[in-house]
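Here is the structure we will look at.
No value in this document is a laboratory result; all are computed from the given coordinates. Keep in mind that what you see is a predicted model, and the values were worked out from it rather than measured. Counting neighbours? That spans all protein chains shown, and the Cβs are built from the backbone with ideal geometry, glycine included.
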Amino acid sequence: MKSTTRGTLAAVLTTMAAAAGALAATPAAAVGTVPVPVPLGGAEQALGVELPEVGGAIPVPTAGTPEGPRFTEGRIMPEETLPQLPLDGGLPGLDVRSPLPHLLGDGSDRIGVDAPAADLRTLTPGLAVDAPLTRPAAESPGLPQVKLPEAGVLTPTVRTVPALGLALGTER
């Protein structure tokens, strides 16, 4: 095998290995949340007691693209003059595990509260306005007719499904 062929083969294998490693490691932006551990190890050692394990997750909001203008018959301006912007993110998560005194007998009793980060989908408010004129009519000599102006606010929406888990157990 020639040295140029070996070099090309090594470059291809290196590129494939790097691509496989990039696929295996998911960045925080792709996951949607950033984990936030609360380090209490130093306080445990200084105080000589077992403290709760606390961690959380902070969502990474991402903006979507608004829908384009939709023109309808009889209107001069589009339906949504100021379109609603979708924003996707999440509610922050929390995970707390705490030791308890021996309530259930021998061993180390624990209580835990888990509120995982929940998806949050929102639409910002929008504005719908129509001009006080109609489109030019064929009956009149190409002149628009006068009508009452129209204005409306498109209400924002929020959709999410939060969850909460409570666990009580014994470690032996």
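See the values below:
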item: Cα-based convex hull volume of the range 38-120 per residue, rounded to whole Å³; result: 124 Å³
item: Amide H partners (placed H, <5 Å) of Gly90, local residues excluded; result: Leu120
item: Spin-label pair Thr155/Ala167, simplified geometry with 7 Å Cα→Cβ offset, distance in nm; result: 3.9 nm
item: Amide H contacts of Ala117 (H built 1.01 Å from N, under 5 Å, at least 5 apart or other chain); result: Gly93, Leu94
item: Spin-label zone in the range 61-80 - amide nitrogen under 20 Å from a point set 7 Å from the Cα of Ala131 along the C-beta vector; result: 69-80
item: Charge dipole magnitude, Cβ of K and R +1, D and E -1 - the range 33-171, Cα centre, debye nearest 20; result: 600 debye
item: Whole-Hz ³J(HN,Hα) from phi, Karplus 6.51 cos²θ - 1.76 cosθ + 1.60, for the range 33-42, glycine and proline x; result: 9, 10, x, 10, x, 9, x, 10, x, x
item: ³J(HN,Hα), Karplus 6.51/-1.76/1.60, whole Hz, each residue of the range 130-137, x for Gly, Pro; result: 10, 5, x, 10, 8, 5, x, 9
item: The range 33-171, relative contact order in percent, only Cα pairs under 8 angstrom and at least six apart counted; result: 23 percent
item: Counted charge near Ala115, where neighbours are those whose Cβ lies closer than 15 Å (Asp, Glu -1; Lys, Arg +1); result: -3
item: Estimated inter-spin distance, Ala118 and Val38, nm [label 7 Å along Cα→Cβ]; result: 2.0 nm
item: HN-Hα J in Hz across the range 153-166 - Karplus 6.51, -1.76, 1.60, θ = phi - 60°, x for Gly and Pro; result: 9, 7, 6, x, 10, 9, 10, 7, 9, x, 9, 8, x, 10
item: Ranked packing of 140-150, 80-90, most packed first, by mean Cβ within 10 Å; result: 80-90, 140-150
item: Within-11-Å neighbourhood charge of Gly165 [Cβ basis; K, R +1; D, E -1]; result: -2
item: Amide hydrogen neighbours beyond the local backbone of Leu127, cut-off 5 Å, H modeled; result: Thr81, Leu82, Leu154
item: Cα→Cβ-extended label distance, 7 Å offset, between Leu82 and Glu139, nm; result: 3.6 nm
